[in-house]
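Okay, structure first, notes after.
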Amino acid sequence: MLSLVQNKECFLRLPENPPKTHQNPPFQDTPYDCGSHGYCYPSNRSSSTTCSSCTCPDGTTQVSDTECATATSCSPTPCTGNNEQCNLVEGEAVCSCADGYTGTDCDMLTSDPCSTEPCLQNGDCTSDSNGYTCTCDSGYYGEQCQYSGDPCSDYCSNGGTCVLVFSETTPYCECPFEYYGKTCQTSRSIQTTYVGCYDDSSATFSDYHVYSTSGITTGDDCADALVTYRKANPTSDYVISTMSGTTGQCMFSTTNTLTTAPSQGLLGGLLSALLATCSYASLSSGSASVYSLNDLCASEPCGDAETGECYQTSASAYSCLCSPLKTGTTCSSDATLTPCNGIDCGVTGTCEITDDQIGYYCKCANTNQTTECVSDPCLIDNPCLYGGTCRDLGNGSYSCDCLNLYCQTNCSTFNPCYINKCVNGGTCSPTYNLLDSTFTCECDSSWKGEYCEEERFYCDETPCKNNATCEDIIGPPNSYNCTCTPQWQGQNCTEDVNECENDSTLCKTKDSGAICVNTNGSYYCECSADMFGTQCLYSEFLREVLS
């Protein structure tokens, strides 16, 4: 069964250049044939059997309102993209990449390291002067994304950091200094050893790391400082601490470069070493106390980073994790690899070795992949409609590069926003229904109408309510302003003003016991028993006298 990688959406903009590769037959055209994959829009789908208006795709010529024709001449050229060239093929003008360029849009130099599509499993390729780099999809790794899985998942324990070494093929744990082992599984018993007392009066210490110039004055304190430093910097390879009496500095290094006994002579130096005076006492100029740390891998016994990685297995032993290209106890011998041995790439494919000389991939007719090559689905029957170009993605799957009028599955849907009749900044919003696609225009605040062709005057729409006065504000953007009557407020004068809250004296001018009651757009007064009137201004006694 063929599988499809869909052209998932129609873009809400004018499409870019049409595909540059030859479409596979048969050439299926649209209903209400306009020719050359043109589209009849709009049309009366319920009764019409002919087209009155055709829209033509890029690279074709609008012969008339009802006919699109494929270019039959390269002068003028129908090719619209940069780095394209036009050639006549069987009487038709066909656009392809100019010499020295490749890619769907002819935007890549053939000399670009990415032009050979070295990244497998849909990895993204980027290049620079040093070559190419593959960014792999989740679940794949390797310099060319040739391996599946996640070898670093839960691989290191005790806070170890997993890194992929040897061309990103092999997991390796960078352990905190307190732990060692292949997966940092063993707790380290940290030990320092007194190496000796040396004359440092003429030493340059050019390859030493200066840890401190104050606060540390004895050799054992400097040794403790080295332990602290290694805990904070687990990838460091310093194993020698040197407390210099001449410089007053505590320094770290990978090897001890001091060889001369102190100036008190050989016997005096031996006596100092025996009594450990140089190691423990405050030092004086001319002598240095040296300690070593038990880190068996610091000397890189397994070679450099391209050859092998060392991991300690006990307090007195280590082992080497060798590159797949190396073998032996110290990774010093070349390994013989045959990555393609026993690999079946199918009848149509050949096995190729990856650039790191470690892995393999299958080179198929149109793709490079890590699985067996299968027949090109585009050669069986072109599944891409209306001039769409079928692309073999390997594993029996394909995708369609559609002409700029069409989109979605197999290019089966017309993109109504291609014609984009929306004006004045309106945004085309499509509605897809197979080939009967329609669109609406979403206008900005200053325009209205089917195509946003009418300027919008808000006061025509009577936005201001409750007898408010409307005033148009001409932008851009257009807007309006409402002048409300005293009883209403808000942008459109639809919010009631609570007169009773705003003026506590209402109804109480003559009647202190009166109650103000708010209503929608007004208020009324509830007078006390001996007062009457809309504002409770009159006494009931007066009314009785008058009556």
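Observations, loosely collected:
- Per residue value of the accessible surface for the chain (all protein chains in place, 1.4 Å probe), Å²: 54 Å²
- The figure for D150 is an accessible area of roughly 100 square angstrom, using a 1.4 Å probe on the protein chains alone.
- The phi torsions of region 476-491, fed into the Karplus equation with coefficients 6.51, -1.76 and 1.60 and a -60° offset, translate into couplings of x, x, 5, 7, 7, 9, 9, 9, 8, 6, x, 7, 10, 8, x, 4 Hz, rounded to whole numbers, with Gly and Pro shown as x.
- Extending 7 Å from Cα along the Cβ direction at I515 and again at T213 yields two label points whose distance is 8.6 nm.
- 10 Å Cβ shell holding at most 15 others, DSSP loop, GluC sites (Glu not before Pro): longest site-free stretch of the chain: 91-305
- For the residue pairs K465/K508; K182/K231; K326/K363, the C-alpha atoms sit more than 22 angstrom apart in K465/K508; K326/K363.
- The relative contact order of the chain, computed from alpha carbon pairs under 8 Å that lie at least 6 residues apart in sequence, is 11 percent.
- Computed [θ] at 222 nm, deg cm²/dmol, the chain (DSSP H ≥ 4; -39,500 (n - 2.57); rounded to nearest 500): -2000 deg cm²/dmol
- The slack in the chain from S314 to D460, taken as 0.36 nm per residue of separation less the alpha-carbon distance, amounts to 43.7 nm.
- Computed extension length for S148-T77: 21.0 nm, one decimal, from 0.36 nm per residue of separation with the Cα-Cα distance subtracted.
- Base-10 log of normalised Debye intensity for region 84-167 (one unit scatterer per alpha-carbon) at q = 0.19 Å⁻¹: -0.89
- Simple label model, 7 Å out from Cα along Cβ direction - D355 to D503, nm: 8.4 nm
- Note on exposure: V163, V210, V227 ranked by accessible area (1.4 Å probe, complete protein assembly) read V210, V163, V227, with the most exposed listed first.
- Degrees separating the helix 219-232 axis from the principal Cα axis of the chain, which is the longest one: 30 degrees
- Ordered from highest to lowest accessible area with the whole protein assembly present and a 1.4 Å probe, W447, W488 read as W447, W488.
- Cα centroids of region 426-482 and region 221-246: 73 Å apart.
- Rough spin-label spacing in nm, given labels placed 7 Å along Cα→Cβ, for T235 and V89: 5.0 nm
- The H on the amide N of Y480, modeled in the peptide plane, is under 5 Å from the matching H of I473, each at least 5 residues off or on a different chain.
- Each eigenvalue of the Cα gyration tensor of region 360-510, multiplied by 5 and square-rooted, gives one semi-axis; in descending order these are 63, 20, 11 Å.
- Between region 121-173 and region 290-364, the C-alpha centres lie 15 angstrom from each other.
- ³J(HN,Hα) computed for each position of region 398-403 - Karplus, 6.51 cos²θ - 1.76 cosθ + 1.60, integer Hz, glycine/proline x: 8, 9, 10, 9, 8, 4
- With q set to 0.08, 0.12 Å⁻¹, the log10 of I(q)/I(0) for the chain, from the Debye formula over equal scatterers at the Cα positions, is -0.83, -1.17.
- Computed from backbone phi, the HN-Hα couplings of region 287-292 come to 9, 9, 9, 10, 10, 10 Hz, rounded to whole numbers (Karplus: 6.51 cos²θ - 1.76 cosθ + 1.60, θ = phi - 60°; Gly and Pro given as x).
- Using the Cβ-Cβ distance between Y538 and S479 with R0 = 45 Å, the FRET efficiency computed as 1/(1 + (r/R0)^6) comes to roughly 0.40.
- Only Cα sites of region 442-547 enter the Debye sum here, all with the same form factor; the resulting log10 I(q)/I(0) across q = 0.12, 0.19 1/Å is -0.59, -0.91, listed in q order.
- Within the shell defined by Cβ-Cβ distances under 10 Å, the residues around S289 carry a net charge of -3, with Lys and Arg each +1 and Asp and Glu each -1.
The values are calculated or read from the model by the stated rules, or taken from the named source; none is laboratory data. Worth saying up front: this structure is predicted, and the values here are computed from it rather than measured. We place every Cβ from the backbone using ideal geometry, glycine too, and count neighbours over all the protein chains shown. Calculation scope for accessible area: heavy atoms of the full protein, side chains included, ligands and nucleic acids excluded. Shrake-Rupley method; radii C 1.70, N 1.55, O 1.52, S 1.80 Å.
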